[in-house]
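Notes for the one structure printed next.
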Amino acid sequence: MTTTGTFSHIPLARRATALTGADGWRTAALDAAGLPALALSDGPSGVRGGSFGTEADGTLLPNATALAASWDESLVARAGMLLGREARRAGIDWLLAPVLNLHRTPFGGRHFECFSEDPHLTSEIGVAIIRGIQSAGVSATAKHFVGNESETGRLEYDARIDERTLRELYLAPFEAAVRRGGVDAVMAAYNSVNGTRATEDRRLLTDILRGEWGFRGAVVSDWGAARTTTATAEAGVDLVMPGPDGPWGDALVDAVRDGLLPERVIDEKLAALTTVARRREAIPAPSDEDADELLVTLAAEGMVLLENDGVLPLAHADRIALIGPGATDLTLQGGGSARVRPVPTRPLGSELADLLGPSTSIVVEPGTSIRRTLAPLADARVPGGLRVTFERADGTVAEVRTLRHGDIVFDDAVPSDAALVRVSTRLHLPEPGVHQLGIRGNGRFSARIADAPAETFTLPVPDRDPLSPLVEPAEHRVAVHGGADVDIDVTLLWDPAAEWHLVDLGHAAPAPEDDDPFDRAVRAAAGADVAIVVVGTTAEHESEGFDRDSLSLPGRQDDLVRAVSAVCARTVVVVNAGSPVLLPWWDQVSAVLWAWFPGQGGARAIAECLRGVREPGGRLPTAIPRTIDGLPSVRPIDGMIQYAERERFGTRGPAAVHYPLGHGLGYTAWRALAASARRDESAGDDGVGVGATVEAIVRNTGARTGKHVVQVFLETADEAPRLVGFAPVVLPPCAEATVSVPLRPEALRRWHHDGWRALTGPLRLLVGGHGAPPLPIDLAPAGIQTAVPPSTDPSA
Ligand code: BGC
């Protein structure tokens, strides 16, 4: 770490300026310290760029859970490189990804942004994506440090986590990110941990992160999470975001002058920021690469085949009914700061039609809608774009902009003297009949449709979360007569005190009144050889800013699946959800394919997996529960969330598990022939424990090339088995391979009161993976000890 004095030639006030953002998405340059201005962007599933109001198309990857579902570190590293390359292309130096919080409970609103319920899988996938991002010369950020598994009251709640649970589960992925991933940045969370705000927790940010783990990068506050001056600065936050206001600035200078904070602390923070700045300087921008194929591969490799009676892969079918809300509107991503604007993609029906050829007829019927608000206004409805005029109080025009998209977030610089903003456009509504126009936002609006007099209304500002106006805005609906183009003017009175200003337009075309969409869908299924029902959730159900209340599929989707499967013997369900939902009809259908929020390659990947052009390569990174009974709660009680379940959640928890961690079928069959293990005497990163290597011999006994994931669980006397190692393998039919699975020393240790201790005694390892019975191995504490039990179940 830089010692006092390195930056002492720079006036204190100037040094302090560099420690708070210059704005929401940039740091302030400090030339004298060799620190350039750094551009930040959110990034778990794509690079949005430094603004919520972006007009630019991004590249949208599958959600984090879908990436982890590949159980494939080298593929995930390629996802990271893609993110890094995208960031460089967009001029971004510092990406706010990955999220390393755990799937403690599927009610968590940001569950879809996290990798897994399992700390080991989260660690390995996290390290892989960090290395990938940073290899492109872009700094990654391990977030949110730590205990940020809920959204309800997220700015305030206190996560009460005992030390062993904290170390073994919640801190473990961050430790791996620092020690093995070499991550440049860590984001301090909004919440408190055991009574201390995460941004003010010196034990976490300095003693553990820097002292024990040797972190040399920068700690950035989550946006608005630093709320004090000395406490956050002393604890170890290096950069307060967003800026330019905030608790530091002059107050930080005063704290030093008043002797409350050593001046050395300021210089340490500058040194930490230098680490981030050096990354970009040291690595040239990688060349651009066509990402389309990779995006389809990433999506398909994460898709999990939960059930299949042989209907998949789809052989030729004359008539296919493609049903469900996702049949017309596939949900590609969840809501919140992780959102990017994906390039337009082709619908699932067209992708399927391409693969099945002209002799297959495909009827598409959504059956039911699950949106709370109207669908976003398609760009094709505003071919001339939208004219945005900022007006001053005296009616003069301060600025005019032309935008392409009907969801406008005024996140970029706006004229400081604007009194109102007027959004004018010509809507292309060729269909005769009554269209619905939705106006969403917060604050006081007026809307003029064609020549009708303007209507004024106020949209209430939801106040449960700072992001609420953005992720759950109020909507005002107006009926608009179609059959021609219609001019509209929507005016928002500018409230300088409001945190968010948005004008977000939605639209619904006239619907036939005499026909029920649900019945139409069931009729289509009755007349089809195969029904494919795409059910799931949307960004209105899974988002940053709120947790879920229910794990049932929203709306009438369960009824739809049941009604379709009652009339079509070959019903395939595709689940298009970022996080677990309950599947009460699972035994009434022929196959269930879990597609997550698959990103912009998603429709193609689903079509290819259904058709068998690709095998769904995923294994569950998190349990799908059978019921909500026994799941940990996301709701604070008296301001606290007790992590009292310790490790007993997900697959290891008391709630009935429908499909466990690691479950996933493929299109071939596997036999586990033998497994053996040996100790590796090399110690872990912290000098504690020894590792081991498992070697598993597996054979592809099916008729096509497929993927198998060897999974190694550790059985102990006092806990349910936990994952300690895994390795994917792809083999052609009839081929056999010996798969090496490294078990890192970190996976074979326990936290005891005040430190790590290597596990002693013979270790009982269960070596398996779906389709293979577990092969137990007792690994003696010293030397090389192997056991090679033959497979007892050749049918596996
Ligand atoms: C989120 C972070 C995000 C930041 C900037 C916060 O609300 O918790 O994950 O990086 O906003 O968008």
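Points to keep in mind about this one:
- Options 359, 337; residue that is within 16 Å of the ligand (Cβ to nearest atom) and in a loop (DSSP other than H, G, I, E, B): 337
- Of the criteria (1) of a type in the set (Ser, Thr, Tyr); (2) assigned to a helix (DSSP H, G or I); (3) over 18 Å from the mean Cα position of the chain (by Cα), which one residue 287 fails: (2)
- Unmet criterion (only one of (1) open to solvent by 20 Å² or more (accessible area, probe 1.4 Å); (2) within 16 Å of the ligand (Cβ to nearest atom); (3) not polar (S, T, N, Q)) for residue 130: (1)
Rundown of residues vs (1) out of contact with any helix residue (DSSP H, G or I) (no Cβ under 6 Å at 6 or more places or on another chain); (2) open to solvent by less than 10 Å² (accessible area, probe 1.4 Å), yes/no style:
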| position | (1), (2) |
| --- | --- |
| 67 | no, yes |
| 76 | no, yes |
| 83 | no, yes |
| 87 | yes, yes |
| 104 | yes, yes |
| 107 | yes, no |
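- Segments classed as strands (runs of 3 or more DSSP E), wholly inside region 693-752, with at least 2 members that are in contact with a Phe, Trp or Tyr (Cβ under 9 Å, 6 or more places away or on another chain) and in contact (Cβ under 8 Å) with a residue 24 or more places away in the chain: 706-715, 722-731, 749-752
- Leading residue by the ranking (nearest to the ligand (Cβ to nearest atom)) among those in region 454-482 that are open to solvent by 50 Å² or more (accessible area, probe 1.4 Å) and at pLDDT 95 or above: 458
- The set of residues in region 291-334 being within 16 Å of the ligand (Cβ to nearest atom) and open to solvent by less than 10 Å² (accessible area, probe 1.4 Å) consists of 334 alone.
- Screening 243, 249, 224 for residues that are in contact (Cβ under 8 Å) with a residue 24 or more places away in the chain, within 16 Å of the ligand (Cβ to nearest atom) and more than 19 Å from residue 148 (Cβ to Cβ) leaves exactly one candidate, 243.
- When residue 62 is tested against (1) within 19 Å of residue 139 (Cα to Cα); (2) at pLDDT 95 or above, only condition (1) is not met.
- Scanning region 190-199 for residues being away from the ligand (no atom under 16 Å from the Cβ) and either within 24 Å of the chain's Cα centre (by Cα) or part of a loop (DSSP other than H, G, I, E, B) (or both) gives a total of 2.
- Scope region 1-54; condition open to solvent by 50 Å² or more (accessible area, probe 1.4 Å), among the hydroxyl-bearing types (Ser, Thr, Tyr) and either in contact with a strand residue (DSSP E or B) (Cβ under 6 Å, 6 or more places away or on another chain) or in a loop (DSSP other than H, G, I, E, B) (or both); matching residues: 3, 4, 6, 8
- Failed item in (1) of a type outside the set (Val, Ile, Thr); (2) away from the ligand (no atom under 16 Å from the Cβ); (3) in contact (Cβ under 8 Å) with a residue 40 or more places away in the chain; (4) open to solvent by 40 Å² or more (accessible area, probe 1.4 Å), with residue 202 passing the rest: (3)
- Among the residues listed as 378, 338, the single one being surrounded by 24 or more Cβ atoms within 10 Å (Cβ to Cβ) and not basic (Lys, Arg): 338
- If the condition is being more than 15 Å from residue 307 (Cα to Cα) and open to solvent by 10 Å² or more (accessible area, probe 1.4 Å), then region 613-622 contributes 613, 614.
- Scan of region 144-189 for residues that are open to solvent by 20 Å² or more (accessible area, probe 1.4 Å) and within 15 Å of the ligand (Cβ to nearest atom), ordered by number: 152, 153, 155, 156
- Where residue 178 falls short, out of the listed (1) part of a loop (DSSP other than H, G, I, E, B); (2) without any contact (Cβ under 8 Å) to a residue 40 or more places away in the chain: (1)
The values are calculated or read from the model by the stated rules, or taken from the named source; none is laboratory data. These numbers were taken from a predicted model, which means no experiment stands behind them. So basically every Cβ, Gly included, is an ideal-geometry build from the backbone, and we count neighbours across all protein chains shown. Calculation scope for accessible area: heavy atoms of the full protein, side chains included, ligands and nucleic acids excluded. Shrake-Rupley method; radii C 1.70, N 1.55, O 1.52, S 1.80 Å.
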